[in-house]
Amino acid sequence: VLALSMPTARAEEKPLWEFGLGVGSIAFPDYRGSDEGRVYPVPVPFFVYRGPILKADRDGLRGKLFNREYVELDLSVGATIPVNSEDNAARRGMPDLKPTLELGPSVEVHLWRSADRDVKFDLVMPLRVPITLESSPRSLQWMFAPRLNIDFENFGGHAGWNFGAGVGPVFAADKFHEYFYSVPAQFATPERPEYRADGAYSAMHVLPAVSKRFQKYWFGAFLRYDWLGGAEFADSPLLRRENYLAGGFGFAWMIRESKRRVTTDD
(Lines give C-alpha, C1' and ligand atoms only; values in the text may rest on other atoms or scores of the structure.)
Protein backbone atom coordinates (compact mmCIF):
# COMPACT_ATOMS: atom_id res chain seq x y z
CA VAL A 1 0.00 0.00 0.00
CA LEU A 2 1.44 3.34 -1.17
CA ALA A 3 0.40 6.57 0.57
CA LEU A 4 3.04 9.28 0.48
CA SER A 5 2.25 12.98 0.19
CA MET A 6 4.37 15.20 -2.02
CA PRO A 7 5.21 18.88 -1.49
CA THR A 8 2.95 21.84 -2.00
CA ALA A 9 3.91 24.48 -4.57
CA ARG A 10 3.06 28.16 -4.74
CA ALA A 11 -0.34 29.13 -6.14
CA GLU A 12 -0.70 29.24 -9.93
CA GLU A 13 -3.28 28.61 -12.64
CA LYS A 14 -3.65 25.01 -13.81
CA PRO A 15 -6.31 22.98 -15.68
CA LEU A 16 -9.31 21.92 -13.59
CA TRP A 17 -8.60 18.35 -14.64
CA GLU A 18 -5.90 16.39 -16.50
CA PHE A 19 -5.92 12.82 -17.77
CA GLY A 20 -3.11 10.52 -18.87
CA LEU A 21 -2.39 6.83 -19.27
CA GLY A 22 0.79 4.77 -19.09
CA VAL A 23 2.50 1.62 -17.89
CA GLY A 24 4.64 0.58 -14.95
CA SER A 25 5.79 -2.29 -12.79
CA ILE A 26 5.63 -3.11 -9.08
CA ALA A 27 7.44 -5.78 -7.03
CA PHE A 28 5.76 -6.91 -3.81
CA PRO A 29 5.85 -9.86 -1.42
CA ASP A 30 2.67 -11.94 -1.54
CA TYR A 31 1.77 -10.43 1.84
CA ARG A 32 3.70 -8.55 4.51
CA GLY A 33 6.11 -11.11 5.96
CA SER A 34 6.00 -13.57 3.05
CA ASP A 35 9.28 -14.92 1.70
CA GLU A 36 7.80 -15.11 -1.80
CA GLY A 37 6.90 -12.22 -4.06
CA ARG A 38 5.86 -11.29 -7.56
CA VAL A 39 6.57 -8.63 -10.16
CA TYR A 40 3.41 -7.20 -11.68
CA PRO A 41 3.08 -5.12 -14.84
CA VAL A 42 0.45 -2.49 -14.13
CA PRO A 43 -1.40 0.19 -16.04
CA VAL A 44 -0.69 3.69 -14.75
CA PRO A 45 -3.70 5.99 -15.03
CA PHE A 46 -2.87 9.63 -14.35
CA PHE A 47 -5.80 11.75 -13.23
CA VAL A 48 -5.78 15.13 -11.51
CA TYR A 49 -8.91 16.97 -10.43
CA ARG A 50 -8.55 20.32 -8.66
CA GLY A 51 -12.01 20.96 -7.29
CA PRO A 52 -12.75 23.18 -4.28
CA ILE A 53 -13.60 20.19 -2.06
CA LEU A 54 -12.78 16.94 -3.89
CA LYS A 55 -9.22 16.59 -5.15
CA ALA A 56 -7.46 13.75 -6.95
CA ASP A 57 -3.71 14.23 -7.29
CA ARG A 58 -0.35 12.78 -6.27
CA ASP A 59 -1.60 12.59 -2.68
CA GLY A 60 -4.37 10.24 -3.81
CA LEU A 61 -8.13 10.80 -3.70
CA ARG A 62 -8.85 13.44 -1.08
CA GLY A 63 -12.05 14.97 0.18
CA LYS A 64 -11.10 18.30 1.73
CA LEU A 65 -13.37 17.90 4.72
CA PHE A 66 -11.38 20.31 6.84
CA ASN A 67 -8.48 22.46 5.76
CA ARG A 68 -6.59 24.95 7.89
CA GLU A 69 -3.06 26.31 7.81
CA TYR A 70 -1.79 23.67 10.25
CA VAL A 71 -4.30 20.79 10.02
CA GLU A 72 -6.09 18.99 7.17
CA LEU A 73 -8.66 16.22 7.23
CA ASP A 74 -8.50 14.12 4.05
CA LEU A 75 -9.83 10.86 2.63
CA SER A 76 -7.23 8.06 2.73
CA VAL A 77 -7.26 5.11 0.30
CA GLY A 78 -5.16 1.92 0.26
CA ALA A 79 -5.25 -1.64 -1.07
CA THR A 80 -3.60 -5.07 -0.93
CA ILE A 81 -3.03 -7.54 -3.77
CA PRO A 82 -4.70 -10.98 -4.19
CA VAL A 83 -2.70 -14.14 -3.42
CA ASN A 84 -3.27 -17.60 -4.90
CA SER A 85 -2.35 -19.84 -1.96
CA GLU A 86 -1.31 -22.70 -4.26
CA ASP A 87 1.49 -20.47 -5.55
CA ASN A 88 2.78 -19.70 -2.05
CA ALA A 89 4.54 -22.51 -0.14
CA ALA A 90 3.65 -21.14 3.32
CA ARG A 91 -0.09 -20.94 2.49
CA ARG A 92 -0.48 -24.00 0.26
CA GLY A 93 -3.77 -25.74 1.03
CA MET A 94 -5.25 -22.65 2.70
CA PRO A 95 -7.90 -20.32 1.23
CA ASP A 96 -6.70 -17.69 -1.23
CA LEU A 97 -6.21 -14.13 -0.02
CA LYS A 98 -8.66 -11.81 -1.73
CA PRO A 99 -7.61 -8.26 -2.58
CA THR A 100 -8.68 -5.61 -0.10
CA LEU A 101 -9.70 -1.98 -0.41
CA GLU A 102 -8.98 0.35 2.51
CA LEU A 103 -10.91 3.58 3.06
CA GLY A 104 -10.94 6.07 5.90
CA PRO A 105 -10.07 9.54 7.16
CA SER A 106 -6.55 10.92 7.51
CA VAL A 107 -5.49 13.81 9.72
CA GLU A 108 -2.43 15.68 8.46
CA VAL A 109 -0.65 18.05 10.84
CA HIS A 110 1.72 20.53 9.20
CA LEU A 111 4.66 20.68 11.59
CA TRP A 112 7.03 22.89 9.58
CA ARG A 113 7.38 24.68 6.23
CA SER A 114 10.46 26.32 4.74
CA ALA A 115 10.22 30.02 3.86
CA ASP A 116 10.00 29.25 0.11
CA ARG A 117 7.51 26.36 0.72
CA ASP A 118 9.82 23.94 -1.10
CA VAL A 119 10.30 21.77 2.01
CA LYS A 120 7.63 20.57 4.41
CA PHE A 121 7.52 18.29 7.43
CA ASP A 122 4.20 16.67 8.38
CA LEU A 123 2.61 14.19 10.74
CA VAL A 124 0.11 12.08 8.76
CA MET A 125 -2.37 9.83 10.60
CA PRO A 126 -4.59 7.69 8.34
CA LEU A 127 -7.19 5.38 9.93
CA ARG A 128 -8.68 3.02 7.33
CA VAL A 129 -11.26 0.23 7.23
CA PRO A 130 -10.04 -2.69 5.04
CA ILE A 131 -12.76 -4.59 3.14
CA THR A 132 -12.18 -7.78 1.12
CA LEU A 133 -13.17 -7.54 -2.54
CA GLU A 134 -15.24 -10.67 -3.15
CA SER A 135 -18.87 -11.71 -3.70
CA SER A 136 -19.54 -11.38 0.05
CA PRO A 137 -17.19 -8.61 1.24
CA ARG A 138 -15.88 -8.78 4.81
CA SER A 139 -14.71 -5.94 7.01
CA LEU A 140 -11.26 -6.49 8.57
CA GLN A 141 -12.00 -3.83 11.22
CA TRP A 142 -9.26 -1.19 11.04
CA MET A 143 -5.67 -0.26 10.22
CA PHE A 144 -3.78 2.75 11.64
CA ALA A 145 -0.48 3.83 10.07
CA PRO A 146 0.80 7.17 11.45
CA ARG A 147 3.98 8.44 9.85
CA LEU A 148 6.32 11.42 9.70
CA ASN A 149 6.79 12.79 6.18
CA ILE A 150 9.47 15.08 4.85
CA ASP A 151 8.96 16.36 1.31
CA PHE A 152 11.11 18.39 -1.09
CA GLU A 153 10.06 20.22 -4.21
CA ASN A 154 12.70 21.08 -6.83
CA PHE A 155 14.88 18.54 -5.05
CA GLY A 156 18.61 19.18 -5.25
CA GLY A 157 18.00 22.32 -7.27
CA HIS A 158 16.39 20.38 -10.14
CA ALA A 159 13.16 22.14 -11.12
CA GLY A 160 10.04 19.99 -11.01
CA TRP A 161 11.59 16.98 -9.29
CA ASN A 162 9.72 16.01 -6.11
CA PHE A 163 11.19 13.77 -3.43
CA GLY A 164 9.56 12.60 -0.23
CA ALA A 165 10.15 10.08 2.52
CA GLY A 166 7.89 8.78 5.26
CA VAL A 167 8.55 6.61 8.32
CA GLY A 168 6.23 5.21 10.95
CA PRO A 169 4.61 2.17 12.60
CA VAL A 170 1.58 0.20 11.45
CA PHE A 171 -1.13 -1.08 13.78
CA ALA A 172 -4.10 -3.26 12.87
CA ALA A 173 -7.10 -4.99 14.43
CA ASP A 174 -7.55 -8.67 15.29
CA LYS A 175 -9.50 -9.48 12.11
CA PHE A 176 -6.88 -7.92 9.87
CA HIS A 177 -4.04 -9.92 11.41
CA GLU A 178 -6.17 -13.07 11.53
CA TYR A 179 -6.89 -12.78 7.80
CA PHE A 180 -3.20 -12.79 6.87
CA TYR A 181 -1.45 -14.69 9.70
CA SER A 182 -3.86 -17.06 11.50
CA VAL A 183 -3.81 -20.81 10.74
CA PRO A 184 -7.20 -22.45 11.53
CA ALA A 185 -7.10 -26.02 12.86
CA GLN A 186 -8.42 -27.53 9.61
CA PHE A 187 -5.44 -26.09 7.70
CA ALA A 188 -2.74 -26.98 10.24
CA THR A 189 0.09 -29.34 9.26
CA PRO A 190 3.22 -30.57 11.09
CA GLU A 191 5.18 -27.76 9.39
CA ARG A 192 2.36 -25.22 9.84
CA PRO A 193 0.85 -25.50 13.35
CA GLU A 194 -2.46 -23.96 14.31
CA TYR A 195 -2.13 -20.28 15.19
CA ARG A 196 -4.43 -17.38 16.04
CA ALA A 197 -3.15 -13.85 15.49
CA ASP A 198 -4.13 -10.94 17.73
CA GLY A 199 -4.36 -7.29 16.82
CA ALA A 200 -1.91 -4.50 17.76
CA TYR A 201 1.55 -3.64 16.37
CA SER A 202 2.19 -4.82 12.78
CA ALA A 203 5.41 -3.33 11.46
CA MET A 204 7.65 -0.31 10.98
CA HIS A 205 7.99 1.00 7.44
CA VAL A 206 10.11 3.51 5.54
CA LEU A 207 8.91 4.83 2.19
CA PRO A 208 10.93 7.13 -0.13
CA ALA A 209 9.40 8.25 -3.44
CA VAL A 210 10.36 10.49 -6.35
CA SER A 211 8.29 11.99 -9.16
CA LYS A 212 8.58 14.46 -12.01
CA ARG A 213 5.85 15.99 -14.14
CA PHE A 214 7.12 16.86 -17.59
CA GLN A 215 5.03 18.81 -20.10
CA LYS A 216 3.67 15.73 -21.88
CA TYR A 217 4.29 12.89 -19.44
CA TRP A 218 4.77 11.96 -15.77
CA PHE A 219 7.31 9.70 -14.10
CA GLY A 220 7.24 8.28 -10.57
CA ALA A 221 9.05 5.63 -8.52
CA PHE A 222 9.06 4.41 -4.94
CA LEU A 223 10.70 1.95 -2.54
CA ARG A 224 9.24 0.57 0.68
CA TYR A 225 11.14 -1.14 3.48
CA ASP A 226 9.17 -3.01 6.16
CA TRP A 227 10.56 -4.42 9.40
CA LEU A 228 8.25 -6.83 11.24
CA GLY A 229 10.43 -7.55 14.28
CA GLY A 230 8.29 -7.51 17.42
CA ALA A 231 5.01 -7.71 15.51
CA GLU A 232 2.02 -9.11 17.40
CA PHE A 233 1.94 -12.08 14.97
CA ALA A 234 5.70 -12.76 15.21
CA ASP A 235 5.07 -16.43 16.11
CA SER A 236 2.82 -17.11 13.12
CA PRO A 237 4.13 -19.92 10.87
CA LEU A 238 3.03 -17.74 7.93
CA LEU A 239 5.57 -15.06 8.87
CA ARG A 240 8.65 -16.12 6.89
CA ARG A 241 10.64 -12.85 6.74
CA GLU A 242 10.96 -10.03 9.25
CA ASN A 243 12.14 -7.47 6.68
CA TYR A 244 11.86 -6.89 2.96
CA LEU A 245 11.97 -4.32 0.17
CA ALA A 246 9.16 -3.56 -2.25
CA GLY A 247 9.04 -0.98 -5.01
CA GLY A 248 7.78 0.17 -8.33
CA PHE A 249 7.91 2.76 -11.10
CA GLY A 250 5.65 4.08 -13.81
CA PHE A 251 5.26 6.44 -16.76
CA ALA A 252 2.07 8.15 -17.90
CA TRP A 253 1.56 10.21 -21.05
CA MET A 254 -0.83 13.16 -20.97
CA ILE A 255 -3.87 12.65 -23.18
CA ARG A 256 -6.31 15.46 -22.39
CA GLU A 257 -6.84 18.40 -20.06
CA SER A 258 -9.71 20.79 -19.40
CA LYS A 259 -9.86 24.21 -21.00
CA ARG A 260 -11.07 25.66 -17.72
CA ARG A 261 -8.24 26.72 -15.44
CA VAL A 262 -8.27 27.24 -11.69
CA THR A 263 -5.93 28.83 -9.17
CA THR A 264 -4.32 26.08 -7.10
CA ASP A 265 -1.33 25.42 -4.84
CA ASP A 266 -0.99 21.63 -5.43
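Data overview
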quantity	calculated
Selection from segment 66-105 of residues that are open to solvent by 70 Å² or more (accessible area, probe 1.4 Å), at pLDDT 95 or above and not in a loop (DSSP other than H, G, I, E, B)	E86, D87
Some residue of segment 178-186 being closer than 18 Å to E102 by Cα, at pLDDT 95 or above, in a loop (DSSP other than H, G, I, E, B) and among the hydrophobic types (A, V, I, L, M, F, W, C)	no
Selection within segment 223-244 - touching a residue at least 40 places away in the same chain (Cβ under 8 Å) and open to solvent by 30 Å² or more (accessible area, probe 1.4 Å)	E232, D235, R240, R241, E242
In segment 199-220, the residues that are in a strand (DSSP E or B) and of a type in the set (A, V, I, L, M, F, W, C)	A200, A203, M204, V206, L207, A209, V210, W218, F219
Segment 245-262, residues that are open to solvent by 30 Å² or more (accessible area, probe 1.4 Å) and either part of a strand (DSSP E or B) or out of contact with any strand residue (DSSP E or B) (no Cβ under 9 Å at 6 or more places or on another chain) (or both)	L245, F249, F251, W253, M254, I255, R256, E257, R261
Number of the condition not met by W161 [criteria: (1) of a type in the set (F, W, Y); (2) under 22 Å from P99 (Cα atoms); (3) touching a helix residue (DSSP H, G or I) at 6+ places or on another chain (Cβ under 9 Å)]	(2)
Options G93, G157; residue that is small (G, A, S), free of Cβ contacts under 8 Å to residues at least 12 places away in the same chain and at positive phi	G157
Pairs with Cβ under 6 Å, 6+ apart, first in segment 121-139 and among the acidic types (D, E), second surrounded by 14 or more Cβ atoms within 10 Å (Cβ to Cβ) and part of a strand (DSSP E or B)	D122/E108; D122/H110; D122/N149
Whichever residue in segment 106-128 is farther than 22 Å from W161 by Cα and in contact with a Phe, Trp or Tyr (Cβ under 6 Å, 6 or more places away or on another chain) and, among such residues, is modelled with the highest pLDDT	L127
Single unsatisfied condition, G20 versus (1) part of a loop (DSSP other than H, G, I, E, B); (2) at pLDDT 85 or above; (3) small (G, A, S)	(1)
Of all residues making up segment 129-167, the number that are of a type in the set (K, R) and part of a loop (DSSP other than H, G, I, E, B)	1
Selected residue (criterion: modelled with the lowest pLDDT) from residues of segment 45-65 that are hydrophobic (A, V, I, L, M, F, W, C) and over 16 Å from G78 (Cα atoms)	L65
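The values are calculated or read from the model by the stated rules, or taken from the named source; none is laboratory data. Being a predicted model, the structure only gives us computed values, none of them experimental. Methodologically, a virtual Cβ is constructed for each residue, glycine included, from the backbone with ideal geometry; neighbour enumeration extends over all protein chains shown. These area figures cover heavy atoms from the full protein model, side chains too; ligands, DNA and RNA do not enter into them. Shrake-Rupley method; radii C 1.70, N 1.55, O 1.52, S 1.80 Å.
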